[in-house]
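Novice: Let me begin by handing over the structure; questions about it come next.
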Amino acid sequence: MIKKITDKDKEDWEKFLKNKEKISNKDLVIKNNIRHEKIKKIDLHGYTIEEANKAIEQFIEKCFDESVTKVIVITGKGLRSKSIENPYLSKDLSILKYSVPEFIETNRTLIKMIIEITDAKIEDGGGGAFYVYLKKKKMSIEKKQSLFNLFPLALFRDKIEITESERKILINEILLQEKNSKNTIDKGVKPAWTGDTQGYEFLFKNKKFEKLFSLISASIKKYTNIIGLNNDKFNFYYQRSWATISRNNENIYAHKHHQSHITFAYYLKKSKEDGNINFHNESLQNEIAPQIFNARSVEGFFKTNLLNAQVATFAPEVDEILIFPSKTMHSTSSNKTSEERISIAADVTLVAKDSTNSENLLPPIDQWDKF
Ligand SMILES: [Fe+2]
């Protein structure tokens, strides 16, 4: 059955043909990427011409950067414009309704951002407003090519503020521990002195270190917050903490802290020359072929950067703390000076306050049963 065309249909069709806004060509839309309409409005009521020009220039540039598609500019009809009193301007020019579009069209920078200027619909201000349709900002090549560094290791650095006199007391205490070493473990050739193997593995119980550990605790909670943990759900425990002293080529070999969750290194005494801490990349996410980034076997085949490095060296300063997952392989480079480098490390463990819904988190320690 053929449907009869009504007068209403004819009217709609004619309206459609007259309509300025053309129906989108499907292929074109796909080619140009669909632009979702993003509208912003600026009201220039009561501005002088100069003020209005300045405001519209800044506004259009900002909108262009923000990928706005249409700007509604409200000028009013000009009768209340302050500049009407300016004898050096003609009445016509004083009307923002005319002067602002003219300013836009003659502004070399703005005109490059614009598709067209049209009158506004009644609901947007009619004669006292107009539309500026903006072009799509062409992205630079750099912006078109995006690199997403997924799953980065978070190494948190913070500054711990203690006074020089407090520092001296702590340094002296650690040097005294070194002097009274019990040498519980033989660590071989040129290892740094580590308090945990010398009978000083609970530094946080030493009253002299109370303030330091309370500042460090706050830092650790900043770190866990940054990596997305809800601190309120956990109890935090220092299970072990000790000092490390190195001098005369001593260092710490690559290792992990298997028994804890979070580890830190705080630098109580450090100079620029006494060596750094190294973090080892075990996952080698970008190693597209075995050993392809191994500098020894394929020298000249690649440039080292953080996307292919197997080791990243970090140069901390006095009073800085570095906090990282205990499972991160790390080491220190040899201290080539004769002055001691002193750092403090600890093993931190997180225990769920309520482990009801967790299979993997440690349940509250008071629920444990010793046998
Ligand atoms: Fe360590």
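Novice: Spot the failing condition for Y200; the list is (1) more than 31 Å from the chain's Cα centre (by Cα); (2) at pLDDT 95 or above; (3) closer than 28 Å to K272 by Cα; (4) buried (at least 16 other Cβ atoms within 10 Å of the Cβ), and only one is missed.
Specialist: (2)
Novice: Please go through the stretch 208-222 and give me each residue that is touching a Phe, Trp or Tyr at 6+ places or on another chain (Cβ under 8 Å) and under 20 Å from H261 (Cβ atoms), ordered by number.
Specialist: Selection gives F213, I216, S217, S219, I220, K221, K222.
Novice: Can I ask one more? Residues in the stretch 329-348 that are crowded, with 16+ Cβ neighbours inside 10 Å and either part of a strand (DSSP E or B) or within 13 Å of the ligand (Cβ to nearest atom) (or both): how many?
Specialist: 12
Novice: Within the stretch 55-70, can one find any residue that is at pLDDT below 85, at negative phi and polar (S, T, N, Q)? Working first, answer last.
Specialist: Of the residues in the stretch 55-70, the ones at pLDDT below 85 are none.
No, because not a single residue in the stretch 55-70 is at pLDDT below 85, at negative phi and polar (S, T, N, Q).
Novice: How many residues does the stretch 270-280 hold that are crowded, with 19+ Cβ neighbours inside 10 Å and away from the ligand (no atom under 12 Å from the Cβ)?
Specialist: Total satisfying the criteria: 3.
Quick grid of which residues meet (1) without any contact (Cβ under 8 Å) to a residue 12 or more places away in the chain; (2) outside any loop (DSSP other than H, G, I, E, B); (3) among the β-branched types (V, I, T); (4) farther than 27 Å from N149 by Cα:
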| position | (1), (2), (3), (4) |
| --- | --- |
| Y238 | no, yes, no, yes |
| F264 | no, yes, no, no |
| E273 | no, no, no, yes |
| Q285 | no, no, no, no |
| I288 | yes, no, yes, no |
| G300 | yes, no, no, no |
| N308 | no, no, no, no |
| V318 | no, no, yes, yes |
| I321 | no, yes, yes, no |
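Novice: Does any residue of the stretch 251-259 turn out to be surrounded by 13 or more Cβ atoms within 10 Å (Cβ to Cβ), at pLDDT below 90 and away from the ligand (no atom under 11 Å from the Cβ)?
Specialist: Yes, the stretch 251-259 contains at least one residue that is surrounded by 13 or more Cβ atoms within 10 Å (Cβ to Cβ), at pLDDT below 90 and away from the ligand (no atom under 11 Å from the Cβ).
Novice: Determine whether A243 is within 16 Å of the ligand (Cβ to nearest atom), among the aliphatic types (A, V, I, L, M) and surrounded by 15 or more Cβ atoms within 10 Å (Cβ to Cβ).
Specialist: Numbers: within 16 Å of the ligand (Cβ to nearest atom): yes; among the aliphatic types (A, V, I, L, M): yes; surrounded by 15 or more Cβ atoms within 10 Å (Cβ to Cβ): yes.
The answer is yes for A243.
Novice: What tally of residues in the stretch 91-104 results from selecting those that are at pLDDT 90 or above and either over 39 Å from the mean Cα position of the chain (by Cα) or at positive phi (or both)?
Specialist: Residues of the stretch 91-104 that are at pLDDT 90 or above, as a first pass: 100-104.
After this cut, where a residue has to be either over 39 Å from the mean Cα position of the chain (by Cα) or at positive phi (or both) as well, the list is 100-103.
So the count comes out to 4.
Novice: For the stretch 315-325: of the residues being within 23 Å of the chain's Cα centre (by Cα) and surrounded by fewer than 18 Cβ atoms within 10 Å (Cβ to Cβ), which is nearest to the ligand (Cβ to nearest atom)?
Specialist: Per the stated criteria, the residue is P325.
Novice: Quick one: which of P364, P325 is under 15 Å from I277 (Cα atoms) and in contact (Cβ under 8 Å) with a residue 24 or more places away in the chain?
Specialist: Numbers: P364 fails: under 15 Å from I277 (Cα atoms).
Of the residues listed, the single one that is under 15 Å from I277 (Cα atoms) and in contact (Cβ under 8 Å) with a residue 24 or more places away in the chain is P325.
Novice: Being surrounded by 16 or more Cβ atoms within 10 Å (Cβ to Cβ) and in a strand (DSSP E or B) is the filter here, so list the residues in the stretch 212-236 that pass it.
Specialist: Hit for the stretch 212-236 is F234, nothing else.
The values are calculated or read from the model by the stated rules, or taken from the named source; none is laboratory data. Because the structure is a prediction, the values reported are computed rather than measured. With ideal geometry, Cβ positions are generated from the backbone for all residues, glycine too; neighbour counts draw on all protein chains shown.
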